[in-house]
Every structure is written in structure tokens, then in C-alpha cells.
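Below you'll find the structure, written out as C-alpha cells, and then a few comments.
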Amino acid sequence: MTQVKESLINFRGYKSKQVPYKIRLNANEGKNILLEDIIREGLQFNEEINLNFYPDNDATLLKAEISKYIGVSPANIVVGNGSSEMIELIIKTYVDKNETILSVVPTFSMYAVFSQIYSTKFVGVESNEDFSIDIEKLIDKANEINPKVIILCNPNNPTGNLLPTRDIKKLLENTNSLVVIDEAYMEFASGSMVEEISNYENLIVLRTLSKAFGLAGIRVGYLLANQKIVNIIDQVRSPYNLNVMSQWIATKALKNKERVIAYIEEIKLGREFLYNKLKENGMKVFKSHGNFLLFYSNIDNLGQKLAEKGILIRSFANELAGYYRVSVGDKSENQAFIKAIEEITKNEK
Ligand code: PMP
């Protein structure tokens, strides 16, 4: 039988538990706050959506809405199937076999997964004990190994840590690499690099509608950069990469940004509630700027014990054994999660 390419021998791809659970707080998905509006307005298939034709390859209407939302010209935007496609496109466009991608660890696992798929080398600089990032250490490593791309998730998944913009600027000014800032969770924080894209030759910012917009199911993400970068990535992109339905729903969703702003505030309150309650229950909790919290517990198999109560959160293994990531849910989900934590801790005593 034909053997897979060398980089994929023993390869393990991305896996997220999608089994039915009463409460799913494992994948940082937002709530679908906009669906009601979209259904109320109706889908108007005949007038707006032509399923027999290929979608608009330039996603003109969608880019116009993104432009209004984020304050960047449509000429500086590439859209696609989630920010996942954007990460892949950057590697396809810029990193040759055996060239290096530099990041920090722990971080979003797909950077290393894509790196392996494309036979590139992934190097992760260890973050500090509290999961903050030592920017000098990262700059030193970059100058030592000269990576083609440096990718940072900000706020970082799964730690929730936020890297200040002054550190990112320092990195841009002291290295020659293409710097990618994955801002999947930036709506829940402040400190975006979006307005800097025209000030730096080598800066890309990634965004998604999967989190604050609660639209993970339609798979829409986008990339923001100067025109030189956008032009080449747009040519590498597969034609018609974003389907008609997703373009249409995303365009509508972006017109309702007030609803999203209210939802973000709700998540921040939920995040504070979970932070305080987890602490009260003896967990070591890390301050988070995302729609999730990382915490450490010495209770054996806490993830499994919560699963038995119908609640799914993210458990980690290896260096992060004993650490858990819980997504901030709605009020009743957060309360149910804390109630389960309280019951489990009581039983342990
Ligand atoms: N970046 C980060 C940091 C993420 O956590 C995720 C989703 N877990 C993604 C990108 C991918 O998001 P999507 O493809 O849904 O836009």
C-alpha cells in the first residue's frame, strides 16, 4: 500500500469531542445569538442566494461588512473557511519544506499540526510559569533560528494570557520574520494589532466569526494585512473557498454588531463569575482575556467526573496534565458547571 509522506507517519490530527453532552463547554464556541434575527428575516433564496452558481470569489458584500466592523479597507482582507483556513494559507504561501515556524507553548495546537502537514519545522518557546510570555526570550530565539513565520495567539488559547501591543511591536521591530497575530478571541479583550497592519511590512492579523459572533457552524474567518501580503495569499487561496450560505449569513451577522457587543459584556461577567467560584473551590485559576478560563486542579480525573454529570470541558495531557479549560457559557450553564464542581470537591474531602 502506498505510504503517506514522511512527515505524516505517526501523525495525529486535530480532534475535538463532539459527542452529545447536556452542557458543552469544551471548544470556546460562542452562542448563536444572531440566528433568531436571521430566521425572522427569512432566507430569500431566490433573490439573494443562487445555489446553482459558484459564490462570489471576491466575497464583495461580506468584505464590505467586515471593513465597516473592523475599520480596515476591503483591499486588506482575505476571507475563508474559518481562521483555520487562514493559518493554513499562510503556511502554504510562505513556509517551504524544512523552514521554521516559531511560536510559544502552550498555544493553539493547530499551528504545530499544520506545520507537520506541510513538512515545516515547529519550534515553541516555553512561556513563563504563569503562562505570560517573555518577549526578549522570544526575540532571542527568533534571531537565533531565523524562522520564516512567528505565530502568536493573542489572547492565547488555552492560557487566556494577553500579550501587550508594545511587546508585539518590539518583536516586529527586532526580527525579520512574518509575524502572525491570531486574534480569534480579541473581542473579549483589548489590545488589537489591526490598526497596525499598514505600519508594518510583515504583520498579519487573523480574526474569526466562530467566537464572539457565535457562528462556528458556518466556518468564516478572515485575515487582515497590507496589500502586498493580501494579493499573494488571495492568489494561493482555492477559488470560491467560502460558500454562498456562509457568505450570506456572515454578512447579515456583521450588520448586528450591537447584539454582539452586548453578548461580549455578558461573557466577561460570566468569566468573572467562573474565575471567583473556581478559586473559592480551591482551583488554581489563571486570569483570562478570552471566552474561557484555564485552571489547575489536583482532583484525579476531574474532566471525567464532570462528564459523568453531563458537562464537557477540555482536559489536557502530558505537560499540562491536571489543567482544564472551561468555556464561558450562558448563566445557567455556568451555574450548572460550578454546582458540579462544588459537588465533586465536597466528595473529595
Ligand atoms: N485560532 C484559535 C486561537 C482558536 O482557538 C481557534 C478555534 N479553536 C481557531 C483559530 C480556529 O477558529 P475557526 O477556524 O473556527 O475560525
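Take VAL205 and tell me if it is without any contact (Cβ under 8 Å) to a residue 60 or more places away in the chain, part of a strand (DSSP E or B) and over 14 Å from LEU102 (Cα atoms). For VAL205, the condition - without any contact (Cβ under 8 Å) to a residue 60 or more places away in the chain, part of a strand (DSSP E or B) and over 14 Å from LEU102 (Cα atoms) - is met.
Of all the criteria given as (1) within 9 Å of the ligand (Cβ to nearest atom); (2) without any contact (Cβ under 8 Å) to a residue 40 or more places away in the chain, the one not satisfied by TYR200 is (1). Among the residues in segment 169-184, are any farther than 20 Å from THR107 by Cβ, in contact (Cβ under 8 Å) with a residue 40 or more places away in the chain, crowded, with 23+ Cβ neighbours inside 10 Å and among the hydrophobic types (A, V, I, L, M, F, W, C)? No: zero hits. Strands (runs of 3 or more DSSP E) fully within segment 1-117 that include at least 3 residues being at pLDDT 95 or above and within 16 Å of the ligand (Cβ to nearest atom): 77-80, 100-105.
Might you let me know whether segment 221-232 holds any residue that is part of a loop (DSSP other than H, G, I, E, B), buried (at least 21 other Cβ atoms within 10 Å of the Cβ) and modelled with pLDDT of 95 or more?
no
Residues of segment 270-329 that are surrounded by fewer than 18 Cβ atoms within 10 Å (Cβ to Cβ) and either under 18 Å from the mean Cα position of the chain (by Cα) or in a strand (DSSP E or B) (or both): LYS284, LYS287, TYR296, PHE316. Please specify each residue of segment 145-186 satisfying the condition of being within 25 Å of ILE264 (Cα to Cα), more than 15 Å from the ligand (Cβ to nearest atom) and either part of a helix (DSSP H, G or I) or within 13 Å of the chain's Cα centre (by Cα) (or both). THR165, ARG166, ILE168, listed by residue number. The residues on offer are SER210, SER238, and the sole one that is within 16 Å of the ligand (Cβ to nearest atom), surrounded by fewer than 20 Cβ atoms within 10 Å (Cβ to Cβ) and not in a helix (DSSP H, G or I) is SER238. Is it the case that segment 249-259 has a residue that's in a helix (DSSP H, G or I), surrounded by 16 or more Cβ atoms within 10 Å (Cβ to Cβ), hydroxyl-bearing (Ser, Thr, Tyr) and within 18 Å of the chain's Cα centre (by Cα)? No, because not a single residue in segment 249-259 is in a helix (DSSP H, G or I), surrounded by 16 or more Cβ atoms within 10 Å (Cβ to Cβ), hydroxyl-bearing (Ser, Thr, Tyr) and within 18 Å of the chain's Cα centre (by Cα). Of all the listed residues (VAL149, VAL179), the sole one being of a type in the set (Val, Ile, Thr), under 15 Å from PHE122 (Cβ atoms) and in the same structural domain as LEU89 (by TED's automatic domain parsing) is VAL149. Of the residues examined, ASN128 is not one that is surrounded by fewer than 20 Cβ atoms within 10 Å (Cβ to Cβ), at pLDDT below 95, more than 22 Å from LYS228 (Cβ to Cβ) and assigned by TED's automatic domain parsing to the domain that holds ILE204.
The values are calculated or read from the model by the stated rules, or taken from the named source; none is laboratory data. No experiment lies behind these values; they were computed from the predicted model shown. Cβ atoms come from the backbone with ideal geometry, glycine included; neighbour counts cover every protein chain shown.
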